[in-house]
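Below you'll find the structure, written out as structure tokens, and then a few comments.
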Amino acid sequence: MAKTVQDNTINIFDNAIYNKGVRSKKLKQEYNQLTECIKDISYKIEYHRKNDDYAEATKLKRQQSDLENELVELDDKLNEENFKVTDEEFKQFYKAYNEEMSEFKAAHQKLAEEMNNKLQEVADVYRKMVENKNEAGRRVSREQYVKHEKLAPNATYNHYKGQIFDHEVNLDKDKHDTTSRGYAWKLEKKLSAISREEFQKYHFGHKQW
């Protein structure tokens, strides 16, 4: 199927929102690790002070100060444009998303209507098949009576059945299931295969998701 909808939503996501999200999450992870490290040093400083080891406590205090400066730098970075999605980028994304989804929904409605029309065509053909089976069934039911009458004339158990259901009449030379259930299963199998094939185009990298 030819592409008719622009990729603005995907481009904004890939080039702005997602990239920034990945970078900011990595930075936030560094921020959290640094915070834990500062807390750990605070415990050590307190420990050495209690044990009157002020030299070690002072050395750790300087190390803590350096880490706190790094923490401030990371905090500033988190608010920079390269790491933070702006309100304008959110607006651009949803504007593109809503426009493109409107086109997809409109196309879907047309395709759904086309599917329903095709199903109606199938139903019309199936009606002719059932009518044909019913006419054949009128003969089959009589042949069944004649067969038993020929084998056992005047047998009391031999009754003319009359009307039989269309699914009891098999006119297919290859013994295919031509009942409504049989065709429903065939259709489901075909449609499921299409869904699987289209998914695999993305899953195995033949198309970019």
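For Lys105, which lysines qualify as cross-link partners when the Cα separation must be under 23 Å and same-chain residues fewer than eight apart are set aside? Candidates past the 8-residue exclusion: Lys3, Lys91, Lys95, Lys118, Lys201, Lys207.
Residues of region 126-150 with an amide N closer than 16 Å to a point placed 7 Å from the Cα of Tyr160 along the Cα-to-Cβ direction: 137-150.
How large is log10 I(q)/I(0) at q = 0.10, 0.15, 0.17, 0.19 Å⁻¹ when the Debye formula is applied to the Cα atoms of region 38-153, each weighted equally and without solvent? Each listed q maps to, in turn, -0.72, -0.90, -0.98, -1.04. May I ask which residue of Val122, Gln109, Asn82 lies farthest towards the positive end of the charge dipole of region 73-139, with charges of +1 (Lys, Arg) and -1 (Asp, Glu) on Cβ and the Cα centre as origin? In region 73-139, that residue is Val122. Taking only the Cα atoms of region 1-87, the ratio Rg/Rh comes out at 1.34, with Rh defined as the Kirkwood radius. Kindly express, to the nearest 10 degrees and within the range 0 to 90, the angle between helix 54-78's C-alpha long axis and the longest C-alpha principal axis of the chain. Tilt of helix 54-78: around 50 degrees. A simple spin-label model places pseudo-atoms 7 Å from Cα toward Cβ; at Glu113 and Gln144 they are separated by 4.6 nm.
Computed about the Cα centre, the dipole magnitude for the chain is approximately 1520 debye when only Lys and Arg (+1) and Asp and Glu (-1) carry charge, each at its Cβ.
A straight chain from Lys95 to Asp14 at 0.36 nm per residue would run longer than the Cα-Cα distance by 27.6 nm.
Taking a straight line from the alpha carbon of Lys161, these lysines sit under 17 Å away, with near neighbours fewer than eight places off in the same chain left out: Lys133, Lys147, Lys150. Placing unit charges on the Cβ atoms only, positive for Lys and Arg and negative for Asp and Glu, gives region 31-111 a dipole magnitude near 280 debye about its Cα centre.
Charge dipole of region 69-163 (Cα centre as origin; +1 on each Lys and Arg Cβ, -1 on each Asp and Glu Cβ, all else neutral): 2180 debye, rounded to the nearest 20. Ratio of Rg to Rh for the chain: 1.44 [Cα atoms; Kirkwood radius as inverse mean 1/r over pairs]. Would you mind getting me the FRET efficiency between Gln29 and Glu188? Use the beta-carbon distance for r and R0 = 41 Å, nearest 0.05. Calculated value: 0.35. Here Ala123 and Phe199 are evaluated by their C-beta separation; at R0 = 25 Å the FRET efficiency comes out at 0.30.
Calculated from the alpha-carbon coordinates, region 100-209 shows an Rg and a Dmax of 23.1, 76 Å respectively. Our helix-only sum for the chain, with -39,500 (n - 2.57) per DSSP H run of n ≥ 4 divided by its residues, gives a mean residue ellipticity at 222 nm of -26500 deg cm²/dmol.
Each reported figure results from applying straightforward, stated rules to the coordinates on display, with no laboratory input. Nothing here was measured: the structure is a model prediction, and the numbers come from that model. We place every Cβ from the backbone using ideal geometry, glycine too, and count neighbours over all the protein chains shown.
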